[in-house]
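Written out below as structure tokens is the structure these notes cover.
The values are calculated or read from the model by the stated rules, or taken from the named source; none is laboratory data. Worth saying up front: this structure is predicted, and the values here are computed from it rather than measured. For neighbour counting, all protein chains shown are included, and Cβ atoms are generated from backbone atoms with ideal geometry for every residue, glycine included.
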Amino acid sequence: MSLFDVVRARVRIASMVNRTVLDPSATLGGLCGNDVFLKAENLQKTGAFKFRGACNALMSLEREEGLRGVVTASSGNHGQAVACAAARLGYSAVVVVPVDASPAKVAAVEGYGAKVIPWGTTSLERLDKASELVRQEGMTFIHPYDDDRVMAGQGTIGLEIIDDLPDVDAVLVPIGGGGLLSGVATALKGIRPGIRVYGVESERSNCMYRSLHAGKRTPLERIATVADGLRTTIPGERTFEIARRLVDDVLLVREEEIIEALLFLLEREKLLVEPSGAVTVAALLSGRFPLRHRKVVALLSGGNIALDRLEEFLAARRR
Ligand SMILES: *Cc1c(COP(=O)(O)O)cnc(C)c1O
């Protein structure tokens, strides 16, 4: 996957996706000693950046391939994205979700007209179930991150960041399986290698951090983070290789810091961001981000959160 793939993806999906805003945040900047800009992919169609990758993957299919239907495995946002993109292109979609997926996400997938199959709790279990459907039904599998077309679609965010902020110094990106990070890093470093790219994970779901430090893809045994979009057992083969080559560092944040960042974004920036999307701001607020006096972009990857979840976070803060 190259910068050229990302540029082509941008043209391919332009009519389908929102070009999201890059908003300066003086408050956050003052708190962390940088010029901070928020890339609001929580305002992307379907509520998360995953719509970009899904559109690029589905629009890259041969028509007859698409007409056999698409299937994916996802904790929610990729499922919603594939379901919505498929509906717009006139393809049918099946989405395998974990049995404990948030009801809001499942309802949204079904709302786009896709069929939902609840299966297992880990990404590996869901991937197995999805490949079974590929074998039995002849559908096309759309991987949530370890697919060049998906990564290239996510990478279009990097092109928009450089357009809006040509002298950007550093970009913080949430990591689940690493597709978003790989795409964005390929775009940014392909245009200007000096831009620093930092991945951010929850310390309780840190498979990329561990894998990079071990020098090989390393599975996690236990994942218990509030950031449900980042619950990945092991980085992708492709995403790991790209991350190894292009990522400057991976920062880890604590659970309380993620929730604090989410509430900060809601109260101060008027942005509703889900826990997975708030980890980048958590890295800035907690002081984990190592640089000062730079132009820094925090990517807010999504905004899909059930309101009762939000209520729990607010209640916990009052106690
Ligand atoms: C999927 C997702 C991520 C992680 O993206 P990967 O490509 O799996 O690394 C981050 N935030 C949100 C909101 C997501 O839905």
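The residues listed here are D128, D163, D167, D147; of these, the one that is away from the ligand (no atom under 13 Å from the Cβ) and under 24 Å from S211 (Cβ atoms) is D128. Look at region 122-147: where a residue is of a type in the set (A, V, I, L, M, F, W, C) and a partner is assigned to a loop (DSSP other than H, G, I, E, B) and within 16 Å of the ligand (Cβ to nearest atom), sitting 6+ places away or on another chain with Cβ atoms under 7 Å, you get L124/T233. Screening region 206-289 for helices (runs of 4 or more DSSP H) wholly inside it with 3 or more residues that are without any contact (Cβ under 8 Å) to a residue 60 or more places away in the chain and surrounded by fewer than 24 Cβ atoms within 10 Å (Cβ to Cβ) returns the ranges 207-214, 237-246, 255-269. Given the criteria within 13 Å of the ligand (Cβ to nearest atom), small (G, A, S) and touching a strand residue (DSSP E or B) at 6+ places or on another chain (Cβ under 8 Å), does A283 qualify? Here the answer is no, as A283 does not meet what is asked.
Number of residues in region 1-15 that are polar (S, T, N, Q) and over 21 Å from R88 (Cβ atoms) equals 1. One residue stands out among those in region 52-95 that are within 15 Å of the ligand (Cβ to nearest atom) and without any contact (Cβ under 8 Å) to a residue 40 or more places away in the chain: the one that is nearest to R149 (Cα to Cα), which is A81.
Of the helices (runs of 4 or more DSSP H) lying entirely inside region 1-65, those carrying at least 3 residues that are closer than 25 Å to F240 by Cα are 3-13, 50-59.
All told, L180 falls short of being away from the ligand (no atom under 13 Å from the Cβ) and touching a strand residue (DSSP E or B) at 6+ places or on another chain (Cβ under 7 Å).
Answer yes or no: is there a residue in region 157-167 that is at pLDDT below 95 and closer than 22 Å to L300 by Cα. For region 157-167, residues at pLDDT below 95 and closer than 22 Å to L300 by Cα: absent.
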